[in-house]
Amino acid sequence: VDPQESYVMAMVTVMLSLSVSILCALLIPVDIYVISEGNITSESLHVTISQEHVQNAYLALFSSLLFLAFCLVPYAYFYGEDRGGDDFDKLDRSTCWSAFRSTIFFLSFMLVLLGIGLNFRPGHRESMHSVLSGEEDALRWLDDLLDTDHRGLNAVSFAIACLTLIGVMGWVEYTAYGLATMPLDWLKGKQTAAEQRQDVEINIADIREKYRAIQSRYGARDDGTVDLSRMKAADRKELNKLGRKHKNLVQHNYKLQELEQKAGACIPAVLQCLVPFRQLVGVSMMSISLLLVLSLLLTLLDRLLHSPCGLSCGYTLKERQIYNPADELFLTLSVIFPMDFIVLGVVVLFVFASTLYGIVSLGIRVLCDVLLVWPTHVI
């Protein structure tokens, strides 16, 4: 990793965010088990997990997730933008203060957006004009805005729905792409770093040959260089284009050499061991992708056709009417403890890996505008 492009705070922030997110997902089957079967008791460890413990775990994890999403992640981003390229991980007080100030502005902006959204959410009865009518009307407007009668349930639900909408947009763009393409890439295989480097070196040799062919059309000076003033505009343009391609290929070749040197590391070694079983791994990934997509489609169809209240309640269901393969799989595995936890963990990690694959493949995009692109060797 280039030390000028990475720093300790960013790595710690990413690891904490991913760890807390995965723990939030893995807590769901524990919650279901405690509700359906009662407390989880371990006689050897003398530990009992009750509904109260699960509730406290939810509060702790989601509070940590909110802190990470709205405080630590923005702070790490702004710190990375202000730190400069030559100070590495040197602590700079002015940089820390600048990142903290930017984080405060970001948090204030998000709170303003949340307040505006709460004011126009469905079910909000009081008009914003009542704030100017008097102190009593303003307090009544604030109580209705924060839903104090129900301990802020509607306000919190609206905030969670907004965050969920952002997550669904990322799911549609990146996770769906990864679920579809990552299994196919495993099935068709991929060149090793050494094979890719051979192709790159052949392309570099071709570019150099074309470069020399264009230069040979014009006489050289006494010092051996080509007089560009005598060169046609089309040839100069072609030379510049070849020069850019040559530079990019040389940089890519260096990256591939680094990958070859790191081939003995832990993760590359594990992936290399899976190469002989590439077809099996690809088929397994494709099966999980099809299972997830089919289950989601059947769930949506069931909600649309059999919801008793429709749009007014968010298409909730009292009980399932259409067969769902994922539900049946987890119900069957729940008899063999802890197989359901293991399978759910595999599914969560697969979805996470598919999301990363989609982000690396497509780059960071907003409204089809590419903001950041990773080089292909990262995949």
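The values are calculated or read from the model by the stated rules, or taken from the named source; none is laboratory data. This one's a predicted model, so the numbers in the text were calculated from it and none came from an experiment. A quick note on method: Cβ atoms are made from the backbone with ideal geometry, for glycine too, and the neighbour counts reach across all protein chains shown.
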Flagged in the stretch 18-66 as exposed (fewer than 14 other Cβ atoms within 10 Å of the Cβ), within 30 Å of L111 (Cβ to Cβ) and modelled with pLDDT under 80, in numbering order, are I28
Kindly provide the set of residues from the stretch 331-345 that are in contact (Cβ under 8 Å) with a residue 24 or more places away in the chain and assigned to a helix (DSSP H, G or I), ordered by number. D340, F341, L344, G345
Within the stretch 329-366, can you find the residues that are under 11 Å from the mean Cα position of the chain (by Cα), surrounded by 16 or more Cβ atoms within 10 Å (Cβ to Cβ) and more than 16 Å from A25 (Cβ to Cβ)? Y357, G358, I359, V360
